[in-house]
Amino acid sequence: MHTDTDVLIIGAGPAGLTSSYLLTKAGKRVHVIERDPVYVGGISRTVAYKGFHFDIGGHRFFSKSREVVQLWDELLPDDFIDRPRLSRIYYGGKYYAYPLKAFEALMNLGVFTSTLCMASYAWAKAFPVRDPKNFHQWVRNQFGEKLFSIFFRTYTEKVWGMSCDDISADWAAQRIKGLSLTAAVIDGLKRSLKLNRAPAAKLGESGGVKTLLESFRYPRKGPGMMWEAAAAKTRAQGGVIRMGHSLKSLRFDAANAVWTVEAVAQDGTVETTTARHVISSAPITELVSALQPAPRCQNAAAQLKYRDFITVALITRAGKVFPDNWIYIHDPSVKVGRIQNFLSWSPEMAPEGYACLGLEYFCFEGDGLWTSPDAELIELAKREIGQIGLISPDDVVDAAVVRQPKAYPVYDDLYAQHVEAVRAEFDQVYPTLHLVGRNGMHKYNNQDHAMMTAMLTVQNILAGERLYDVWSVNEDAEYTESGVSGAEEALKSVRLVPRRVAA
Ligand SMILES: Cc1cc2nc3c(=O)[nH]c(=O)nc-3n(C[C@H](O)[C@H](O)[C@H](O)COP(=O)(O)OP(=O)(O)OC[C@H]3O[C@@H](n4cnc5c(N)ncnc54)[C@H](O)[C@@H]3O)c2cc1C
(Lines give C-alpha, C1' and ligand atoms only; values in the text may rest on other atoms or scores of the structure.)
Protein backbone atom coordinates (compact mmCIF):
# COMPACT_ATOMS: atom_id res chain seq x y z
CA MET A 1 0.00 0.00 0.00
CA HIS A 2 1.27 3.48 -0.86
CA THR A 3 0.05 6.81 0.53
CA ASP A 4 1.15 10.38 -0.07
CA THR A 5 0.97 13.01 2.65
CA ASP A 6 2.36 16.40 3.66
CA VAL A 7 3.93 15.26 6.92
CA LEU A 8 4.78 11.78 8.15
CA ILE A 9 5.16 11.56 11.92
CA ILE A 10 6.99 8.72 13.66
CA GLY A 11 5.47 8.03 17.08
CA ALA A 12 2.09 8.82 18.68
CA GLY A 13 3.49 10.02 22.00
CA PRO A 14 3.12 13.59 23.32
CA ALA A 15 5.53 15.04 20.74
CA GLY A 16 4.05 13.15 17.77
CA LEU A 17 0.43 13.83 18.70
CA THR A 18 1.05 17.50 19.50
CA SER A 19 2.49 17.78 15.99
CA SER A 20 -0.35 15.83 14.37
CA TYR A 21 -3.05 17.80 16.18
CA LEU A 22 -1.61 21.22 15.31
CA LEU A 23 -0.76 20.30 11.73
CA THR A 24 -4.19 18.85 10.96
CA LYS A 25 -5.75 21.87 12.66
CA ALA A 26 -3.79 23.99 10.19
CA GLY A 27 -5.15 21.95 7.29
CA LYS A 28 -2.16 19.72 6.59
CA ARG A 29 -2.36 16.10 5.55
CA VAL A 30 -0.74 14.04 8.27
CA HIS A 31 0.13 10.37 8.60
CA VAL A 32 1.34 9.02 11.96
CA ILE A 33 2.98 5.62 12.42
CA GLU A 34 2.95 4.18 15.95
CA ARG A 35 4.64 0.95 16.94
CA ASP A 36 2.28 0.14 19.81
CA PRO A 37 -0.74 -1.80 18.54
CA VAL A 38 -3.08 -0.51 21.27
CA TYR A 39 -1.93 2.57 23.14
CA VAL A 40 -1.14 6.09 22.07
CA GLY A 41 0.78 8.33 24.51
CA GLY A 42 4.17 6.61 24.43
CA ILE A 43 5.81 6.76 27.85
CA SER A 44 2.89 9.02 28.88
CA ARG A 45 0.30 6.33 28.11
CA THR A 46 -2.04 4.84 30.68
CA VAL A 47 -2.29 1.07 30.72
CA ALA A 48 -5.71 -0.48 31.36
CA TYR A 49 -5.96 -3.81 33.16
CA LYS A 50 -9.28 -5.32 34.36
CA GLY A 51 -10.71 -1.89 35.26
CA PHE A 52 -7.43 -0.61 36.76
CA HIS A 53 -5.44 2.18 35.15
CA PHE A 54 -1.79 2.80 35.68
CA ASP A 55 0.95 5.06 34.33
CA ILE A 56 4.49 4.24 33.31
CA GLY A 57 5.56 6.08 36.45
CA GLY A 58 3.09 8.70 37.66
CA HIS A 59 2.86 11.63 35.26
CA ARG A 60 2.36 15.07 36.80
CA PHE A 61 1.04 17.78 34.50
CA PHE A 62 3.07 20.82 35.34
CA SER A 63 4.62 23.36 33.02
CA LYS A 64 6.02 26.84 33.28
CA SER A 65 4.96 27.31 29.68
CA ARG A 66 1.55 28.97 29.37
CA GLU A 67 1.27 27.74 25.79
CA VAL A 68 1.67 24.11 26.80
CA VAL A 69 -0.89 24.51 29.58
CA GLN A 70 -3.31 26.13 27.14
CA LEU A 71 -2.88 23.25 24.74
CA TRP A 72 -3.54 20.73 27.55
CA ASP A 73 -6.76 22.62 28.31
CA GLU A 74 -7.72 22.74 24.65
CA LEU A 75 -7.20 18.98 24.24
CA LEU A 76 -8.79 17.92 27.53
CA PRO A 77 -11.07 20.72 28.74
CA ASP A 78 -13.19 18.78 31.24
CA ASP A 79 -11.14 16.00 32.75
CA PHE A 80 -8.35 17.53 34.85
CA ILE A 81 -8.34 17.16 38.61
CA ASP A 82 -6.10 19.01 41.08
CA ARG A 83 -4.04 16.68 43.23
CA PRO A 84 -2.05 17.32 46.38
CA ARG A 85 1.49 16.05 46.09
CA LEU A 86 2.82 13.87 48.86
CA SER A 87 5.98 11.85 48.50
CA ARG A 88 8.51 10.40 50.89
CA ILE A 89 11.91 8.77 50.89
CA TYR A 90 12.39 5.34 52.47
CA TYR A 91 15.94 4.92 53.76
CA GLY A 92 17.45 2.79 56.50
CA GLY A 93 14.04 1.55 57.62
CA LYS A 94 12.70 5.10 58.11
CA TYR A 95 10.53 7.47 56.09
CA TYR A 96 11.61 11.01 55.30
CA ALA A 97 9.27 13.62 53.86
CA TYR A 98 10.28 14.61 50.36
CA PRO A 99 11.12 17.44 49.98
CA LEU A 100 12.91 17.03 53.32
CA LYS A 101 11.50 18.49 56.51
CA ALA A 102 14.46 19.81 58.47
CA PHE A 103 13.43 18.71 62.00
CA GLU A 104 12.15 15.31 60.92
CA ALA A 105 15.32 14.63 58.93
CA LEU A 106 17.50 15.66 61.87
CA MET A 107 15.51 13.44 64.25
CA ASN A 108 15.63 10.46 61.89
CA LEU A 109 19.33 10.83 61.13
CA GLY A 110 20.31 11.44 64.76
CA VAL A 111 22.63 14.11 66.15
CA PHE A 112 25.85 12.43 65.06
CA THR A 113 24.92 11.95 61.38
CA SER A 114 23.23 15.36 61.20
CA THR A 115 26.41 17.02 62.50
CA LEU A 116 28.44 15.12 59.92
CA CYS A 117 26.05 16.34 57.20
CA MET A 118 26.49 19.95 58.24
CA ALA A 119 30.27 19.63 58.56
CA SER A 120 30.61 18.03 55.13
CA TYR A 121 28.33 20.72 53.66
CA ALA A 122 30.58 23.44 55.14
CA TRP A 123 33.63 21.63 53.75
CA ALA A 124 32.10 21.39 50.27
CA LYS A 125 31.27 25.09 50.28
CA ALA A 126 34.77 26.02 51.43
CA PHE A 127 36.50 23.66 49.00
CA PRO A 128 34.20 23.08 46.00
CA VAL A 129 35.28 20.88 43.10
CA ARG A 130 36.08 23.40 40.39
CA ASP A 131 34.11 22.86 37.16
CA PRO A 132 32.18 19.77 38.33
CA LYS A 133 31.99 17.21 35.51
CA ASN A 134 29.93 14.42 36.99
CA PHE A 135 26.78 14.00 39.10
CA HIS A 136 28.73 13.13 42.24
CA GLN A 137 30.86 16.29 42.08
CA TRP A 138 27.89 18.51 41.25
CA VAL A 139 25.71 17.28 44.12
CA ARG A 140 28.64 17.19 46.56
CA ASN A 141 29.32 20.87 45.77
CA GLN A 142 25.68 21.72 46.34
CA PHE A 143 24.88 19.59 49.43
CA GLY A 144 28.11 18.09 50.81
CA GLU A 145 29.43 14.52 50.60
CA LYS A 146 27.39 13.08 53.48
CA LEU A 147 24.00 14.24 52.23
CA PHE A 148 25.00 13.07 48.75
CA SER A 149 25.70 9.58 50.07
CA ILE A 150 22.42 9.38 52.03
CA PHE A 151 19.88 11.06 49.78
CA PHE A 152 21.27 10.97 46.25
CA ARG A 153 23.69 8.12 45.61
CA THR A 154 21.61 4.95 46.03
CA TYR A 155 18.47 6.08 44.25
CA THR A 156 20.40 7.70 41.40
CA GLU A 157 22.50 4.57 40.90
CA LYS A 158 19.34 2.43 40.94
CA VAL A 159 17.76 4.63 38.29
CA TRP A 160 20.79 4.82 36.00
CA GLY A 161 22.50 1.51 36.71
CA MET A 162 25.88 3.21 36.82
CA SER A 163 28.12 5.03 39.25
CA CYS A 164 27.34 8.68 40.03
CA ASP A 165 30.93 9.37 38.92
CA ASP A 166 29.96 8.33 35.38
CA ILE A 167 26.78 10.40 35.12
CA SER A 168 27.18 13.80 33.52
CA ALA A 169 26.78 16.88 35.74
CA ASP A 170 24.32 18.18 33.10
CA TRP A 171 21.72 15.81 34.41
CA ALA A 172 22.02 17.03 38.02
CA ALA A 173 22.08 20.65 36.92
CA GLN A 174 18.90 20.06 34.92
CA ARG A 175 16.93 17.95 37.37
CA ILE A 176 17.85 19.62 40.65
CA LYS A 177 18.25 23.07 39.17
CA GLY A 178 17.59 25.95 41.58
CA LEU A 179 17.55 23.67 44.62
CA SER A 180 20.33 24.44 47.10
CA LEU A 181 20.73 23.22 50.67
CA THR A 182 19.80 26.67 51.94
CA ALA A 183 16.60 26.67 49.85
CA ALA A 184 15.82 23.09 50.93
CA VAL A 185 16.44 23.86 54.62
CA ILE A 186 14.36 27.06 54.55
CA ASP A 187 11.59 25.20 52.73
CA GLY A 188 11.99 22.26 55.13
CA LEU A 189 11.79 24.55 58.17
CA LYS A 190 8.62 26.13 56.83
CA ARG A 191 7.19 22.67 56.22
CA SER A 192 8.15 21.56 59.71
CA LEU A 193 6.45 24.65 61.13
CA LYS A 194 3.54 24.27 58.67
CA LEU A 195 4.12 27.80 57.34
CA ASN A 196 3.90 27.01 53.65
CA ARG A 197 0.56 25.47 52.90
CA ALA A 198 0.11 27.31 49.60
CA PRO A 199 1.21 25.46 46.48
CA ALA A 200 4.76 26.41 45.47
CA ALA A 201 3.56 27.29 41.99
CA LYS A 202 0.45 26.86 39.92
CA LEU A 203 0.41 25.55 36.39
CA GLY A 204 1.85 27.95 33.91
CA GLU A 205 3.24 30.31 36.52
CA SER A 206 6.93 30.79 36.50
CA GLY A 207 8.86 30.38 39.73
CA GLY A 208 8.70 27.49 42.15
CA VAL A 209 11.46 24.90 42.19
CA LYS A 210 10.27 21.90 40.17
CA THR A 211 11.20 19.33 42.80
CA LEU A 212 9.34 21.19 45.58
CA LEU A 213 5.93 21.64 43.97
CA GLU A 214 3.09 20.79 46.34
CA SER A 215 0.22 20.23 43.97
CA PHE A 216 -0.27 19.30 40.35
CA ARG A 217 -2.99 18.64 37.81
CA TYR A 218 -3.76 15.20 36.50
CA PRO A 219 -6.29 13.80 34.02
CA ARG A 220 -8.81 11.84 36.09
CA LYS A 221 -8.00 8.56 34.32
CA GLY A 222 -4.31 9.17 33.84
CA PRO A 223 -2.14 10.87 31.22
CA GLY A 224 -3.27 8.46 28.50
CA MET A 225 -6.61 10.33 28.51
CA MET A 226 -4.82 13.43 27.20
CA TRP A 227 -3.17 11.56 24.36
CA GLU A 228 -6.27 9.59 23.42
CA ALA A 229 -8.05 12.94 23.13
CA ALA A 230 -5.22 14.31 20.95
CA ALA A 231 -5.41 11.22 18.73
CA ALA A 232 -9.20 11.47 18.42
CA LYS A 233 -8.95 15.15 17.50
CA THR A 234 -6.19 14.45 14.98
CA ARG A 235 -8.40 11.85 13.31
CA ALA A 236 -11.45 14.14 13.41
CA GLN A 237 -9.35 16.75 11.58
CA GLY A 238 -8.47 14.23 8.86
CA GLY A 239 -5.17 12.85 10.18
CA VAL A 240 -4.32 9.15 9.85
CA ILE A 241 -2.81 7.22 12.77
CA ARG A 242 -1.56 3.74 11.94
CA MET A 243 -1.26 1.71 15.14
CA GLY A 244 1.07 -1.29 15.31
CA HIS A 245 3.30 0.15 12.56
CA SER A 246 7.06 0.43 13.13
CA LEU A 247 9.52 2.46 11.12
CA LYS A 248 11.40 0.21 8.71
CA SER A 249 13.31 2.59 6.46
CA LEU A 250 13.39 6.17 5.27
CA ARG A 251 15.08 7.60 2.23
CA PHE A 252 15.33 11.18 0.97
CA ASP A 253 15.04 12.06 -2.68
CA ALA A 254 16.94 15.37 -2.70
CA ALA A 255 16.08 16.23 -6.32
CA ASN A 256 12.35 16.24 -5.58
CA ALA A 257 12.61 17.02 -1.83
CA VAL A 258 10.46 13.99 -1.02
CA TRP A 259 10.80 11.40 1.72
CA THR A 260 9.85 7.78 1.19
CA VAL A 261 9.10 6.03 4.46
CA GLU A 262 8.44 2.33 4.93
CA ALA A 263 6.57 1.06 7.96
CA VAL A 264 6.07 -2.56 8.86
CA ALA A 265 2.80 -3.73 10.37
CA GLN A 266 2.56 -6.50 12.96
CA ASP A 267 1.57 -9.04 10.32
CA GLY A 268 4.75 -8.20 8.39
CA THR A 269 3.14 -6.20 5.59
CA VAL A 270 5.06 -3.12 4.55
CA GLU A 271 3.35 0.21 3.85
CA THR A 272 5.07 3.00 1.95
CA THR A 273 4.35 6.69 2.44
CA THR A 274 5.79 9.65 0.58
CA ALA A 275 5.95 12.96 2.44
CA ARG A 276 7.42 16.44 2.17
CA HIS A 277 8.43 16.44 5.84
CA VAL A 278 9.20 13.78 8.44
CA ILE A 279 8.87 14.46 12.17
CA SER A 280 10.55 11.82 14.30
CA SER A 281 10.00 11.15 17.99
CA ALA A 282 11.57 7.68 17.68
CA PRO A 283 14.85 7.12 19.51
CA ILE A 284 17.73 8.66 17.54
CA THR A 285 19.46 5.26 17.33
CA GLU A 286 16.41 3.72 15.62
CA LEU A 287 15.87 6.63 13.26
CA VAL A 288 19.50 6.73 12.14
CA SER A 289 19.67 2.98 11.59
CA ALA A 290 16.58 3.20 9.36
CA LEU A 291 18.01 6.00 7.20
CA GLN A 292 19.14 4.95 3.72
CA PRO A 293 21.85 5.41 2.70
CA ALA A 294 23.43 5.26 6.17
CA PRO A 295 24.44 8.75 7.32
CA ARG A 296 27.96 9.67 8.50
CA CYS A 297 26.67 9.98 12.08
CA GLN A 298 25.60 6.32 12.30
CA ASN A 299 28.42 5.34 14.67
CA ALA A 300 27.74 8.30 16.95
CA ALA A 301 24.01 7.49 17.02
CA ALA A 302 24.65 3.82 17.74
CA GLN A 303 26.54 4.79 20.89
CA LEU A 304 23.64 6.58 22.53
CA LYS A 305 22.42 4.61 25.54
CA TYR A 306 19.09 4.14 27.25
CA ARG A 307 17.79 2.93 30.57
CA ASP A 308 14.75 0.71 30.60
CA PHE A 309 11.95 0.39 33.10
CA ILE A 310 9.52 -2.16 34.52
CA THR A 311 6.39 -1.46 36.57
CA VAL A 312 4.97 -4.33 38.57
CA ALA A 313 1.41 -3.34 39.49
CA LEU A 314 0.28 -5.10 42.66
CA ILE A 315 -3.46 -5.10 43.27
CA THR A 316 -4.79 -5.35 46.81
CA ARG A 317 -8.05 -5.07 48.69
CA ALA A 318 -6.17 -3.54 51.60
CA GLY A 319 -7.94 -0.15 51.27
CA LYS A 320 -6.02 3.12 50.93
CA VAL A 321 -2.66 1.59 52.02
CA PHE A 322 -0.67 4.86 52.32
CA PRO A 323 -1.35 8.49 51.43
CA ASP A 324 1.69 9.27 49.25
CA ASN A 325 1.54 9.58 45.48
CA TRP A 326 4.89 7.82 45.44
CA ILE A 327 7.72 6.77 47.74
CA TYR A 328 11.38 6.81 46.71
CA ILE A 329 13.13 3.68 47.90
CA HIS A 330 16.71 4.74 48.66
CA ASP A 331 17.28 1.62 50.68
CA PRO A 332 19.96 -0.54 49.02
CA SER A 333 18.55 -3.78 50.52
CA VAL A 334 15.77 -3.94 47.87
CA LYS A 335 15.88 -3.59 44.08
CA VAL A 336 12.68 -1.56 43.76
CA GLY A 337 13.44 2.12 43.10
CA ARG A 338 10.08 3.81 43.61
CA ILE A 339 6.55 2.82 44.55
CA GLN A 340 3.52 4.55 43.07
CA ASN A 341 0.15 4.56 44.77
CA PHE A 342 -2.16 5.07 41.83
CA LEU A 343 -5.27 5.79 43.93
CA SER A 344 -3.50 8.85 45.35
CA TRP A 345 -3.14 10.14 41.80
CA SER A 346 -6.83 9.77 41.11
CA PRO A 347 -9.67 7.85 42.76
CA GLU A 348 -10.67 6.65 39.28
CA MET A 349 -7.49 4.63 38.80
CA ALA A 350 -8.89 1.55 40.59
CA PRO A 351 -12.34 0.04 41.08
CA GLU A 352 -14.06 0.67 44.43
CA GLY A 353 -12.54 -1.27 47.32
CA TYR A 354 -9.18 -1.95 45.64
CA ALA A 355 -5.80 -0.24 45.58
CA CYS A 356 -3.03 -0.61 43.04
CA LEU A 357 0.66 -0.05 43.77
CA GLY A 358 3.26 0.32 41.01
CA LEU A 359 6.68 -1.02 42.00
CA GLU A 360 9.21 0.49 39.66
CA TYR A 361 12.39 -1.33 38.65
CA PHE A 362 15.08 0.29 36.54
CA CYS A 363 17.04 -2.05 34.29
CA PHE A 364 18.71 -2.55 30.92
CA GLU A 365 16.81 -4.25 28.11
CA GLY A 366 18.08 -7.82 28.05
CA ASP A 367 19.48 -7.91 31.61
CA GLY A 368 18.34 -10.31 34.33
CA LEU A 369 15.40 -8.24 35.48
CA TRP A 370 14.17 -7.38 31.99
CA THR A 371 14.20 -11.00 30.87
CA SER A 372 12.68 -12.43 34.07
CA PRO A 373 9.29 -14.02 33.49
CA ASP A 374 6.37 -11.92 34.76
CA ALA A 375 5.63 -14.46 37.51
CA GLU A 376 9.15 -14.02 38.93
CA LEU A 377 8.90 -10.23 38.80
CA ILE A 378 5.58 -10.39 40.63
CA GLU A 379 7.10 -12.64 43.31
CA LEU A 380 10.04 -10.23 43.67
CA ALA A 381 7.69 -7.25 44.00
CA LYS A 382 5.53 -9.04 46.59
CA ARG A 383 8.59 -10.02 48.61
CA GLU A 384 10.00 -6.49 48.55
CA ILE A 385 6.72 -4.74 49.42
CA GLY A 386 6.51 -7.09 52.41
CA GLN A 387 10.12 -6.36 53.39
CA ILE A 388 9.48 -2.62 53.30
CA GLY A 389 6.29 -3.29 55.27
CA LEU A 390 3.80 -1.31 53.20
CA ILE A 391 1.42 -4.25 52.71
CA SER A 392 1.57 -7.94 53.38
CA PRO A 393 2.34 -10.07 50.30
CA ASP A 394 -0.71 -12.14 51.29
CA ASP A 395 -2.94 -9.12 50.60
CA VAL A 396 -1.98 -9.04 46.91
CA VAL A 397 -4.93 -10.42 44.92
CA ASP A 398 -3.71 -9.82 41.37
CA ALA A 399 -0.76 -8.28 39.54
CA ALA A 400 0.41 -7.13 36.12
CA VAL A 401 3.81 -6.34 34.62
CA VAL A 402 4.52 -3.54 32.12
CA ARG A 403 7.89 -3.16 30.43
CA GLN A 404 9.01 0.17 28.97
CA PRO A 405 12.08 0.04 26.77
CA LYS A 406 14.15 3.25 26.42
CA ALA A 407 12.37 5.02 29.27
CA TYR A 408 15.38 7.22 29.95
CA PRO A 409 17.96 8.59 27.51
CA VAL A 410 21.28 8.21 29.35
CA TYR A 411 23.50 11.27 29.89
CA ASP A 412 26.93 9.67 29.97
CA ASP A 413 30.20 11.50 29.32
CA LEU A 414 29.92 11.40 25.55
CA TYR A 415 26.21 11.64 24.87
CA ALA A 416 26.31 15.37 24.06
CA GLN A 417 29.03 14.83 21.46
CA HIS A 418 27.08 12.01 19.83
CA VAL A 419 23.85 14.02 19.71
CA GLU A 420 25.73 16.99 18.27
CA ALA A 421 27.15 14.80 15.48
CA VAL A 422 23.61 13.75 14.49
CA ARG A 423 22.21 17.23 14.77
CA ALA A 424 24.99 18.86 12.75
CA GLU A 425 24.67 16.38 9.89
CA PHE A 426 20.87 16.47 9.80
CA ASP A 427 20.76 20.29 9.87
CA GLN A 428 23.00 20.36 6.87
CA VAL A 429 21.72 17.44 4.81
CA TYR A 430 18.07 16.97 5.82
CA PRO A 431 16.31 20.28 6.54
CA THR A 432 12.92 18.55 6.24
CA LEU A 433 13.68 15.86 8.83
CA HIS A 434 12.64 17.20 12.23
CA LEU A 435 13.69 15.62 15.51
CA VAL A 436 11.32 16.21 18.43
CA GLY A 437 10.66 14.96 21.95
CA ARG A 438 12.47 12.93 24.55
CA ASN A 439 14.23 10.06 22.79
CA GLY A 440 13.75 11.87 19.49
CA MET A 441 16.29 14.46 20.71
CA HIS A 442 17.88 12.35 23.45
CA LYS A 443 16.75 14.82 26.12
CA TYR A 444 15.75 13.64 29.56
CA ASN A 445 12.68 15.84 29.74
CA ASN A 446 9.00 15.94 30.54
CA GLN A 447 5.92 16.10 28.35
CA ASP A 448 5.98 19.89 28.19
CA HIS A 449 9.43 19.90 26.59
CA ALA A 450 8.37 17.25 24.08
CA MET A 451 5.28 19.29 23.26
CA MET A 452 7.14 22.58 22.91
CA THR A 453 9.66 21.07 20.48
CA ALA A 454 6.68 19.78 18.47
CA MET A 455 4.87 23.13 18.59
CA LEU A 456 7.89 25.00 17.26
CA THR A 457 8.51 22.32 14.62
CA VAL A 458 4.95 22.79 13.38
CA GLN A 459 5.65 26.52 13.11
CA ASN A 460 8.78 25.81 11.09
CA ILE A 461 6.93 23.49 8.73
CA LEU A 462 4.05 25.90 8.24
CA ALA A 463 6.44 28.77 7.59
CA GLY A 464 8.44 26.69 5.13
CA GLU A 465 11.69 27.63 6.89
CA ARG A 466 13.44 26.98 10.21
CA LEU A 467 12.18 29.96 12.19
CA TYR A 468 13.01 28.30 15.51
CA ASP A 469 15.86 26.13 16.61
CA VAL A 470 14.05 23.45 18.62
CA TRP A 471 17.33 22.53 20.32
CA SER A 472 17.02 25.86 22.14
CA VAL A 473 13.98 24.67 24.08
CA ASN A 474 15.16 24.07 27.63
CA GLU A 475 13.93 21.53 30.18
CA ASP A 476 11.26 24.00 31.35
CA ALA A 477 9.85 24.08 27.82
CA GLU A 478 11.12 27.64 27.43
CA TYR A 479 12.59 28.79 24.14
CA THR A 480 15.93 30.19 25.24
CA GLU A 481 17.43 31.49 22.03
CA SER A 482 15.80 34.88 22.39
CA GLY A 483 15.71 35.00 26.17
CA VAL A 484 13.37 33.66 28.83
CA SER A 485 10.22 34.97 27.21
CA GLY A 486 11.29 33.62 23.84
CA ALA A 487 8.90 30.68 23.89
CA GLU A 488 5.97 32.94 24.61
CA GLU A 489 6.96 35.23 21.75
CA ALA A 490 7.64 32.32 19.47
CA LEU A 491 4.28 30.75 20.16
CA LYS A 492 2.12 33.83 19.85
CA SER A 493 1.96 32.80 16.24
CA VAL A 494 0.81 29.24 17.02
CA ARG A 495 -2.71 30.50 17.39
CA LEU A 496 -2.43 32.36 14.09
CA VAL A 497 -1.33 29.37 12.09
CA PRO A 498 -1.34 30.25 8.39
CA ARG A 499 -3.13 27.66 6.27
CA ARG A 500 -1.61 28.53 2.93
CA VAL A 501 2.06 27.52 3.26
CA ALA A 502 2.89 24.56 1.07
CA ALA A 503 4.68 21.91 3.05
C1 LIG B 1 9.07 6.94 34.99
C2 LIG B 1 8.74 8.19 34.24
C3 LIG B 1 8.02 9.19 34.85
C4 LIG B 1 7.71 10.39 34.18
N5 LIG B 1 6.98 11.36 34.82
C6 LIG B 1 6.61 12.46 34.14
C7 LIG B 1 5.81 13.46 34.77
O8 LIG B 1 5.48 13.36 35.96
N9 LIG B 1 5.41 14.53 34.03
C10 LIG B 1 5.78 14.68 32.72
O11 LIG B 1 5.34 15.65 32.09
N12 LIG B 1 6.57 13.78 32.11
C13 LIG B 1 7.00 12.68 32.79
N14 LIG B 1 7.80 11.75 32.17
C15 LIG B 1 8.32 12.03 30.83
C16 LIG B 1 7.32 11.74 29.71
O17 LIG B 1 6.93 10.39 29.78
C18 LIG B 1 8.02 12.02 28.39
O19 LIG B 1 8.64 13.29 28.41
C20 LIG B 1 7.07 12.02 27.17
O21 LIG B 1 6.29 10.85 27.09
C22 LIG B 1 7.93 12.17 25.92
O23 LIG B 1 7.09 12.21 24.81
P24 LIG B 1 7.63 11.84 23.36
O25 LIG B 1 6.49 11.92 22.44
O26 LIG B 1 8.85 12.64 23.09
O27 LIG B 1 8.17 10.35 23.49
P28 LIG B 1 7.47 8.98 23.89
O29 LIG B 1 6.53 9.16 25.01
O30 LIG B 1 8.61 8.04 24.05
O31 LIG B 1 6.64 8.58 22.60
C32 LIG B 1 7.28 8.12 21.44
C33 LIG B 1 6.32 7.24 20.67
O34 LIG B 1 6.97 6.81 19.48
C35 LIG B 1 6.75 5.43 19.27
N36 LIG B 1 7.89 4.90 18.53
C37 LIG B 1 9.19 4.85 18.94
N38 LIG B 1 9.95 4.29 18.00
C39 LIG B 1 9.14 4.00 16.96
C40 LIG B 1 9.37 3.43 15.68
N41 LIG B 1 10.61 3.03 15.31
N42 LIG B 1 8.30 3.27 14.85
C43 LIG B 1 7.06 3.66 15.24
N44 LIG B 1 6.79 4.21 16.44
C45 LIG B 1 7.83 4.39 17.28
C46 LIG B 1 6.66 4.84 20.67
O47 LIG B 1 5.96 3.62 20.70
C48 LIG B 1 5.93 5.97 21.42
O49 LIG B 1 4.54 5.81 21.38
C50 LIG B 1 8.15 10.56 32.84
C51 LIG B 1 8.89 9.55 32.21
C52 LIG B 1 9.20 8.38 32.90
C53 LIG B 1 10.02 7.31 32.23
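The values are calculated or read from the model by the stated rules, or taken from the named source; none is laboratory data. Note that the structure is a prediction, hence the values are computed from the model and not measured. Cβ: placed from backbone, ideal geometry, glycine included. Neighbour counts: every protein chain shown. For the accessible areas, the whole protein counts, side chains as well, though only heavy atoms, and no ligand, DNA or RNA atoms are used. Shrake-Rupley method; radii C 1.70, N 1.55, O 1.52, S 1.80 Å.
Numerical summary
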item	result
Two-site FRET efficiency, residue 303 against residue 335, from Cβ-Cβ distance with R₀ of 45 Å, rounded to 0.05	0.95
Label-to-label distance, nm, for residues given as residue 48 and residue 317 (7 Å Cα→Cβ offset)	2.5
Pairwise FRET efficiency - residue 170 versus residue 375, Cβ, R0 = 56 Å, nearest 0.05	0.90
Of all DSSP beta bridges in the chain, antiparallel share, percent nearest 5	70
Considering only segment 1-147, percent of DSSP beta bridges that pair antiparallel, nearest 5	70
Whole-number percent relative contact order across the chain, with pairs defined as alpha carbons under 8 Å at least 6 apart	22
Computed [θ] at 222 nm, deg cm²/dmol, the chain (DSSP H ≥ 4; -39,500 (n - 2.57); rounded to nearest 500)	-10000 deg cm²/dmol
Low-density loop positions, trypsin sites (Lys or Arg not before Pro), segment 36-68 - DSSP coil, at most 15 other Cβ in 10 Å	50
Over 18 Å between alpha carbons, listed pairs 25/64; 28/233; 25/443	25/64; 25/443
Sites matching trypsin sites (Lys or Arg not before Pro) across segment 314-347 that sit in DSSP coil, with at most 13 neighbouring C-beta atoms within 10 Å	317, 320
With at most 11 neighbouring Cβ atoms within 10 Å, loop GluC sites (Glu not before Pro) (DSSP) excluded, longest segment of the chain	1-351
Vicinal HN-Hα couplings computed from phi for segment 276-291 (Karplus, 6.51 cos²θ - 1.76 cosθ + 1.60; Hz; Gly/Pro x)	7, 10, 10, 10, 10, 10, 6, x, 3, 4, 6, 4, 5, 6, 8, 5
Spacing of the two label points (7 Å from each Cα toward its C-beta) at residue 383 and residue 131, in nm	4.7
Amide proton proximity set for residue 305, modelled H, under 5 Å, gap of 5+	410
Whole-percent carbon and sulfur share, accessible surface of segment 306-409, 1.4 Å	50
Length gained when the stretch residue 364-residue 107 is fully extended (0.36 nm per residue, less Cα-Cα span)	88.8 nm
Euclidean distance of C-alpha centroids, segment 381-410 and segment 36-59, integer Å	16
Estimated distance in nm for a label pair at residue 82 and residue 471, the labels positioned 7 Å out from Cα along Cα-to-Cβ	4.1
Three-way shape call for segment 1-70 based on the alpha-carbon gyration tensor, with the a/c threshold at 1.5	oblate
Å² of accessible area per residue within segment 306-409, as computed with a 1.4 Å probe and no ligands counted	36
Mean-position separation - Cα centroids, segment 142-165 and segment 63-84, in angstrom	33
Full-extension gain in nm, residue 3 to residue 95, via 0.36 nm per residue minus C-alpha separation	27.5 nm
